[in-house]
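Scroll down for the structure; my scribbles are underneath it.
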Amino acid sequence: MRAGEKCEIQLSPLETGPDAAVPHPSDESLPFFATVELQAFTPGKEAWEMSPGEKWEWVKSHKDTGGVRFRSEDLWGAADSYSKAMKLVITFCNHVRDVAKKGWEYEAEEQREATLETLDPSAEELNKMKADLHSNLSLCQLKLNQPERAKANAAKATQLEPGCAKAWYRLGKACQIGNELEEAKQAFRKLLELQPEMPAALKALKDIASREKATNAQLGLRLSKMFSSR
């Protein structure tokens, strides 16, 4: 829509009665329509137009939105929000590298005017944010049955934050689903180093051992049939 344009939308009330938030026609079989007019439109900023403080606020906002969408079981929406946050984090990291190369002189005026809330995040904060976003994306992709993508994101999360237990678990599950059992065992064993006796990791290793045993039994049976037929 453009400024000044109108559109008609159909509303479906979620509740009835005197306390209902949305009015509805007396004949409930009829649809309820409303006309909406866009009075004005404020275009958003491109990443390169944002100050470091603005970028960081948007990163946190997208991450929070992803969490809300995930809890409401909107997995595609959650993955989209985490991806948007990740794209901004990447441009933020590029900005930090550029500043480090050129020196802080050209930003001296901006820094003097910045408040505590808009100061650049530290390298440690950026690193943790990237790890969290990769780990969260991995979880969404696991639930969307995308084990290869889940594995890639979980692996990046473990590289950025080796002490992140959730990322190691998600890496193990992605490898387990993809039948990459050796890598799965390594991930779950690393998880047990971080959280000894963790039930989920112990169960996963037990399941992998059972699968390997069944595979070896099948292979042994095939070999015995092969040699006995000669």
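You will find that of Ala174, Ala150, Ala155, Ala187, the residue that is assigned to a helix (DSSP H, G or I) and under 23 Å from Thr65 (Cα atoms) is Ala150 and no other. For the stretch 28-43, a residue qualifies if it is at pLDDT 75 or above, surrounded by 10 or more Cβ atoms within 10 Å (Cβ to Cβ) and assigned to a loop (DSSP other than H, G, I, E, B), and exactly one does: Leu38. Among all positions in the stretch 67-78, there is no residue which is under 17 Å from Lys156 (Cβ atoms) and buried (at least 16 other Cβ atoms within 10 Å of the Cβ).
Within the stretch 46-58, is there a residue that is surrounded by 11 or more Cβ atoms within 10 Å (Cβ to Cβ), within 13 Å of the chain's Cα centre (by Cα) and modelled with pLDDT of 85 or more? Among the residues of the stretch 46-58, not one is surrounded by 11 or more Cβ atoms within 10 Å (Cβ to Cβ), within 13 Å of the chain's Cα centre (by Cα) and modelled with pLDDT of 85 or more, which makes the answer no. When Pro13, Pro25 are checked against the criterion of being touching a His at 6+ places or on another chain (Cβ under 7 Å), outside the structural domain of Ile90 (by TED's automatic domain parsing) and at pLDDT below 70, Pro13 stands alone in meeting it. Counting only residues that are of a type outside the set (Gly, Ala, Ser), in contact (Cβ under 8 Å) with a residue 60 or more places away in the chain and either over 20 Å from Phe92 (Cβ atoms) or assigned to a loop (DSSP other than H, G, I, E, B) (or both), the stretch 44-76 holds 3 of them.
The values are calculated or read from the model by the stated rules, or taken from the named source; none is laboratory data. All values derive from a computational prediction rather than experimental measurement. Here Cβ is always computed from backbone atoms with ideal geometry, including for glycine, and neighbour counts include all displayed protein chains.
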